[in-house]
Amino acid sequence: MGNFQGGAKRAIFTPRVRAWIAISLLAVVCFFLGRAVWNIYCKNSLAQAGREETVRTLSDLKIRQKSVEAKLSKMQTEQGVESAIRETLPMAKDGEHVITIIDQTASDTSTDEASSTPAKIGFWAAVMKGL
């Protein structure tokens, strides 16, 4: 009969309230864990893209290395050095002559076109020039 008297206190946290508190705490923990997993997923995607780019760069560098090694082996011979010098510099051996041909038709055409064609100006530039 003591339970029915007014002096008895009721429990603040009933089983239903405790269940909602536990569910809320679990939801917060799941939120933070999910956020951490998402951040790791994004970083992993960036790392994979960087890895693919690095592998591509490595293969390009290996191809370039092979071509440089081929040029180097060619440059170690006398004919290779001579051909490299002849390609880059206008030099000749004793008894040879170097002739440089300049295409004047291309340079004459470009100057003639520039002088014969009036420069096109915009509408507002023409109006402002007239004032």
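The values are calculated or read from the model by the stated rules, or taken from the named source; none is laboratory data. Since we're looking at a predicted model, the values are computed, not measured. Cβ: placed from backbone, ideal geometry, glycine included. Neighbour counts: every protein chain shown.
Here is a check on your reading of the model: is Ser83 modelled with pLDDT under 95 and within 38 Å of the chain's Cα centre (by Cα)?
Working: modelled with pLDDT under 95: yes; within 38 Å of the chain's Cα centre (by Cα): yes.
Spelling it out, Ser83 is indeed modelled with pLDDT under 95 and within 38 Å of the chain's Cα centre (by Cα).
Could you check Val55 against (1) among the β-branched types (Val, Ile, Thr); (2) in a helix (DSSP H, G or I); (3) at pLDDT below 90 and say which number it fails?
Here Val55 clears every test but (3).
If we keep just the residues of the range 78-108 that are assigned to a helix (DSSP H, G or I) and among the polar types (S, T, N, Q), which is surrounded by the most Cβ atoms within 10 Å (Cβ to Cβ)?
Among residues in the range 78-108 that are assigned to a helix (DSSP H, G or I) and among the polar types (S, T, N, Q), the one surrounded by the most Cβ atoms within 10 Å (Cβ to Cβ) is Ser83.
Of the numbered conditions (1) of a type outside the set (Phe, Trp, Tyr); (2) exposed (fewer than 10 other Cβ atoms within 10 Å of the Cβ); (3) at pLDDT 95 or above, Arg10 satisfies every one except a single condition; which is it?
In the conditions (1) of a type outside the set (Phe, Trp, Tyr); (2) exposed (fewer than 10 other Cβ atoms within 10 Å of the Cβ); (3) at pLDDT 95 or above, Arg10 misses (3) alone.
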